[in-house]
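> The structure that follows is given in the form of structure tokens.
The values are calculated or read from the model by the stated rules, or taken from the named source; none is laboratory data. Since the structure is predicted, the reported quantities are computational estimates derived from the model, not experimental observations. Here the Cβ positions follow ideal geometry from the backbone for every residue, glycine too, while neighbour counts run over all protein chains shown.
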Amino acid sequence: MDGSILTGLILLGIIILLIAVVVVIYNRLVALRNRFKNAFAQIDVQLKRRYDLIPNLVKVAREYIKHERETLEAVIAARNQAVGAVKQAAADPGNGAAMSGLVAAEGVLAGTLGRLFALVESYPDLKANQNMMQLSEEMSSTENRIAFARQAFNDAVMTYNTAREVFPAVLFAGLFGFQTAELLEMENEQQRQPPEVAF
């Protein structure tokens, strides 16, 4: 065999191997990106469930604590802000600005819900109301689901970020538009705990 033909075959083999490596890297990054987007969709489902429970909580509480209108309105306003923030985050779950907006909105919501539940403690009739007890149980269950879904999302983001930062993927990730995804982390430790809703 001629030396130039052998050299050509070796070069062709190297090119085919490089193309195969790039295809494998690209496909793996796509799969991991889809995994963290799906994980965020699970958070979205649980957050929407909580957002749907909040008006019912306010409605039940309003019957007992009519003079605490400011707190009730603040809860609804914070809920509406959080609904908007989760829509933005759901559109691009890896976006740092969207995640920061969601964390901030959830922080405000957690604070207003905390005030509402502190008020509920001051009203024994409200605290003993069957609807309020059922709603609080559903809220607690939902908060646990949110925490679990957030952990699954953060795990998926960590796997994706690690895969895009290791060699040789790091050489191609930026070229193919695979940006670093942001974790969904609460601003402080208090927000990592679900609001106290036990009666």
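> Could you tell me whether any residue of segment 56-72 is under 20 Å from Ile146 (Cβ atoms) and of a type outside the set (S, T, N, Q)?
yes
> Let me ask something else. Based on what the data block shows, is Phe148 under 21 Å from Ala90 (Cβ atoms) and assigned to a helix (DSSP H, G or I)? Walk me through how you get there before you give the answer.
On the way: under 21 Å from Ala90 (Cβ atoms): yes; assigned to a helix (DSSP H, G or I): yes.
So Phe148 passes the test.
> Output the number of the condition that Ser100 fails; it satisfies all remaining conditions of (1) small (Gly, Ala, Ser); (2) crowded, with 17+ Cβ neighbours inside 10 Å; (3) modelled with pLDDT under 95.
(2)
> Would you confirm, using the coordinates I've provided, whether Asp125 is acidic (Asp, Glu) and either surrounded by fewer than 14 Cβ atoms within 10 Å (Cβ to Cβ) or closer than 18 Å to Gln46 by Cβ (or both)?
Answer is yes for this residue.
> Now a separate question. Look through segment 1-50, keep the residues that are free of Cβ contacts under 8 Å to residues at least 40 places away in the same chain and among the hydroxyl-bearing types (Ser, Thr, Tyr), and return whichever of them is nearest to Ala98 (Cα to Cα).
Among those that are free of Cβ contacts under 8 Å to residues at least 40 places away in the same chain and among the hydroxyl-bearing types (Ser, Thr, Tyr), it is Thr7.
> Filter segment 22-53 for residues that are under 20 Å from Thr162 (Cβ atoms) and surrounded by 14 or more Cβ atoms within 10 Å (Cβ to Cβ) and give the result.
Those that are under 20 Å from Thr162 (Cβ atoms) and surrounded by 14 or more Cβ atoms within 10 Å (Cβ to Cβ): Val22, Ile25, Tyr26, Arg28, Leu29, Leu32, Arg33, Arg35, Phe36, Lys37, Ala39, Phe40.
> Kindly indicate whether Ser141 is modelled with pLDDT under 95 and either surrounded by fewer than 18 Cβ atoms within 10 Å (Cβ to Cβ) or within 16 Å of Ala41 (Cα to Cα) (or both).
Values: modelled with pLDDT under 95: yes; either surrounded by fewer than 18 Cβ atoms within 10 Å (Cβ to Cβ) or within 16 Å of Ala41 (Cα to Cα) (or both): yes.
For Ser141, the condition - modelled with pLDDT under 95 and either surrounded by fewer than 18 Cβ atoms within 10 Å (Cβ to Cβ) or within 16 Å of Ala41 (Cα to Cα) (or both) - is met.
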